[in-house]
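Colleague: Here it is: the structure, laid out below.
The values are calculated or read from the model by the stated rules, or taken from the named source; none is laboratory data. Everything numeric here is computed off the predicted structure, so don't read it as measured data. Backbone-built Cβ (ideal geometry, glycine too); neighbour counts: all protein chains shown. For accessibility, only protein heavy atoms count, side chains too; no ligands or nucleic acids. Shrake-Rupley method; radii C 1.70, N 1.55, O 1.52, S 1.80 Å.
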Amino acid sequence: EAGVTQFPSHSVIEKGQTVTLRCDPISGHDNLYWYRRVMGKEIKFLLHFVKESKQDESGMPNNRFLAERTGGTYSTLKVQPAELEDSGVYFCASSQWGLATISGTDTQYFGPGTRLTVL
Amino acid sequence: DQQVKQNSPSLSVQEGRISILNCDYTNSMFDYFLWYKKYPAEGPTFLISISSIKDKNEDGRFTVFLNKSAKHLSLHIVPSQPGDSAVYFCAASAIDNQGGKLIFGQGTELSVKP
């Protein structure tokens, strides 16, 4: 079974440019999450899709970030225009049920991440 | 406002000895806790978890302990092996967050020396 894949693995752009990151979740996983890790700090939640709908976008930093999930399959995260503080590693994760219950949280499987450098 | 904290950025342990990684949290609504392991250039992979109704969960060489009154959890690795060298992230989720989003700590880099 293929895992979560992300493209590109690295991206170096200049401030003010646009970058689009792509995530392909595990087949059959309705839940897709975007996270970001900046400068060796904690991994921060950005948003959560259930199929094509945004369930929770409370972690999106500002309106320069736009996430979509066409047809409930792959997802894209666009940063426009990019700023220096957007540099970091962007992780995508997927899970089947996306539930948090007293007995557990459905396991989230992470992709390898996209390292974004904004110069 | 960081709700999950790992105060030790790094830890070095001799092969065969015990590794203890610590994690503190502030949000009393958290009721499920996880540890993820991350190798360079890879994404985090799930390691072990514990529900707030338990105080210990064991899986092979890995044991997670939860102290709810102290809002503290720890991961014990016994015996430590060189292949355990990685960054370990503590994460938490809350039952009132039906989406299952995870709140992570900063990570602790474990180095196991032969």
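Colleague: Calculate, axis by axis, the spread of Cα positions in the protein assembly as shown along the three principal axes, and write the results as whole Å, longest axis first.
Modeller: 48, 38, 37
Colleague: Compute for segment B:49-114: radius of gyration divided by Kirkwood radius, i.e. Rg/Rh, restricted to C-alpha atoms, rounded to two decimals.
Modeller: Here the Rg-to-Rh quotient is 1.01.
Colleague: Then there is this: Can you quote the Å³ per residue value for the convex hull of the Cα atoms in segment A:30-119, rounded to an integer?
Modeller: Residue-normalised Cα hull volume stands at 101 Å³.
Colleague: Put a dot 7 Å past each Cα toward the Cβ at A:F7 and B:S28; how far apart are the dots in nm?
Modeller: Inter-label distance under the simple model: 4.9 nm.
Colleague: A further question follows. Which FRET efficiency, nearest 0.05, do A:K15 and B:A41 yield, Cβ-Cβ r, R0 25 Å? Each step should come with its number before you reach the end.
Modeller: Details: r = 25 Å, r/R0 = 1.01.
Once the sixth-power term is evaluated, E becomes 0.50.
Colleague: Between beta-carbons, use under 14 Å as the cut-off and find the net charge around A:V118, counting Lys and Arg +1, Asp and Glu -1.
Modeller: Every neighbour counted, the sum reads +1.
Colleague: Right, next: Run the reach check for B:K38 against lysines, Cα to Cα strictly under 16 Å, same-chain hits fewer than 8 apart removed. What comes back?
Modeller: List returned: A:K41, A:K44.
Colleague: Another question, then. Heavy atoms only, 1.4 Å probe, whole protein assembly: order B:F65, B:F104 by accessible area, highest first.
Modeller: Per-residue accessible area, sorted high to low, gives B:F65, B:F104.
Colleague: In debye, nearest 20, what is the charge dipole magnitude of chain A about its Cα centre with +1 on Lys and Arg Cβ and -1 on Asp and Glu Cβ, if you could check? Don't skip to the end; give the middle numbers.
Modeller: On the way: 12 positive and 13 negative charges, 48 e Å.
The calculation lands at about 220 debye.
Colleague: Okay, moving on. Can you give the accessible area of A:K44 in Å² (nearest 10), computed on protein heavy atoms with a 1.4 Å probe?
Modeller: 120
Colleague: Mean 1/r over all different Cα pairs, inverted: what Kirkwood radius does segment B:10-96 give, in Å?
Modeller: 13.4
Colleague: Going 7 Å from the Cα of B:K5 along its beta-carbon direction, which residues of segment B:37-78 have the amide nitrogen within less than 15 Å of the resulting point?
Modeller: Flagged as within label range: B:70-73.
Colleague: Okay, moving on. When only the heavy atoms of the protein chains count and the probe is 1.4 Å, how do B:R61, A:R64 rank by accessible area, highest first?
Modeller: On the way: B:R61 60, A:R64 35 Å².
Largest accessible area first, the list is B:R61, A:R64.
Colleague: How long is the gain from A:E85 to A:S58 if the chain were fully straight, where each residue apart is worth 0.36 nm and the alpha carbon distance is subtracted?
Modeller: 7.9 nm
Colleague: Between A:E68 and A:R115, what length comes free when the chain is fully extended (0.36 nm per residue of separation minus the Cα-Cα distance, one decimal in nm)?
Modeller: 15.0 nm
Colleague: Could you compute how much accessible area chains A and B hide from each other, both sides summed, with a 1.4 Å probe? Nearest 100 Å² is fine. Could the numbers behind the result be given before it?
Modeller: Working: alone 6850 and 6260 Å², together 11100 Å².
In total, chains A and B hide about 2000 Å² from solvent.
Colleague: Please calculate how many Å² of accessible area the protein assembly as shown carries per residue, with a 1.4 Å probe and no DNA, RNA or ligand atoms counted.
Modeller: 48
Colleague: Something else now. With a sphere of radius 14 Å drawn around the Cβ of B:I50, what net charge do the other residues whose Cβ falls strictly inside it have (Lys, Arg +1; Asp, Glu -1)?
Modeller: Net local charge, B:I50 excluded: 0.
Colleague: What longest region of chain A stays clear of GluC sites (Glu not before Pro) that DSSP places outside H, G, I, E and B and that have at most 11 other Cβ atoms within 10 Å?
Modeller: A:15-119
Colleague: Given A:K51/B:K56; A:K51/B:K71; A:K54/B:K56; A:K15/B:K101, which pairs have Cα atoms separated by over 32 Å?
Modeller: A:K51/B:K56; A:K51/B:K71; A:K54/B:K56
Colleague: Alpha carbon centre of segment B:44-97 versus segment A:1-39: separation in Å?
Modeller: 26
Colleague: Using a 7 Å offset from Cα along Cα-Cβ at A:D30, what residues in segment A:61-96 end up with backbone N under 14 Å from the label point?
Modeller: A:72-73, A:95-96
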